[in-house]
1. Consider region 77-116. How many of its residues are surrounded by fewer than 14 Cβ atoms within 10 Å (Cβ to Cβ) and β-branched (Val, Ile, Thr)?
2. When the residues of region 42-67 are narrowed to those that are modelled with pLDDT under 95 and under 27 Å from Ala11 (Cβ atoms), which ends up surrounded by the most Cβ atoms within 10 Å (Cβ to Cβ)?
3. Residue check, Glu74 against (1) surrounded by 15 or more Cβ atoms within 10 Å (Cβ to Cβ); (2) farther than 21 Å from Val125 by Cα; (3) touching a residue at least 24 places away in the same chain (Cβ under 8 Å), all met but one. Which one?
4. Looking at this structure, is Glu135 of a type in the set (Asp, Glu) and in a helix (DSSP H, G or I)?
5. Could you tell me how many of the residues in region 40-58 are out of contact with any helix residue (DSSP H, G or I) (no Cβ under 7 Å at 6 or more places or on another chain) and in a loop (DSSP other than H, G, I, E, B)?
6. For Gly40, state whether it is small (Gly, Ala, Ser) and out of contact with any Ser or Thr (no Cβ under 6 Å at 6 or more places or on another chain).
7. From (1) surrounded by fewer than 17 Cβ atoms within 10 Å (Cβ to Cβ); (2) touching a Cys at 6+ places or on another chain (Cβ under 6 Å), pick out the condition that doesn't hold for Glu39.
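The values are calculated or read from the model by the stated rules, or taken from the named source; none is laboratory data. None of these values were measured; they are calculated from a predicted model. Because the Cβ atoms are built from the backbone with ideal geometry, glycine has one as well, and the counts that use them run over all protein chains shown.
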Amino acid sequence: MQVEHRITVNASPGTVFQIYEDVQHWHTWDPDTRQAYIEGPFRVGSRGRITPPKGMTVPMLLTQVEPGKCFTVESKIPLFRMLFEHELVPVNGATEVIHRVTFSGFLSVVLGPMLSKQLNSGLPVTLRNLKTLAEAARADPVVHQ
């Protein structure tokens, strides 16, 4: 089961990626994240934890990181795996931002439909917030910290 949403942002892929790398501030633009952190640098193999507004904190692992292009986070709980893919595609001086979530494992039959509904309403808000932040950062080169 998979959910995907996209938006065009009037900023460079590098600007958007800088926002992604600031994990401790994900909650400022992603309403589906109450808290997030990673131990160490933003690179493959780094581990952390993410807490949604409702529900339990889950571990996360960066499984793919290509600065300015993409990153993927994997979160697993027993019998359920979520893969969060974030892709940046340059398009005519702007960036198409794609967020994709894939569910797998035995519990995906039960949890997938419920989480898909939540993501289909939340991801567009997340992407609009990310767009606003990236476009503001583009206008003012000092990215929030």
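1. Residues that pass the stated criteria total 4.
2. Filtering first and then ranking leaves Ile50.
3. Going through the list (1) surrounded by 15 or more Cβ atoms within 10 Å (Cβ to Cβ); (2) farther than 21 Å from Val125 by Cα; (3) touching a residue at least 24 places away in the same chain (Cβ under 8 Å), Glu74 breaks only (3).
4. Values: of a type in the set (Asp, Glu): yes; in a helix (DSSP H, G or I): yes.
Here the answer is yes, as Glu135 does meet what is asked.
5. Of the residues in region 40-58, 12 are out of contact with any helix residue (DSSP H, G or I) (no Cβ under 7 Å at 6 or more places or on another chain) and in a loop (DSSP other than H, G, I, E, B).
6. Details: small (Gly, Ala, Ser): yes; out of contact with any Ser or Thr (no Cβ under 6 Å at 6 or more places or on another chain): no.
Criteria not met by Gly40.
7. (2)
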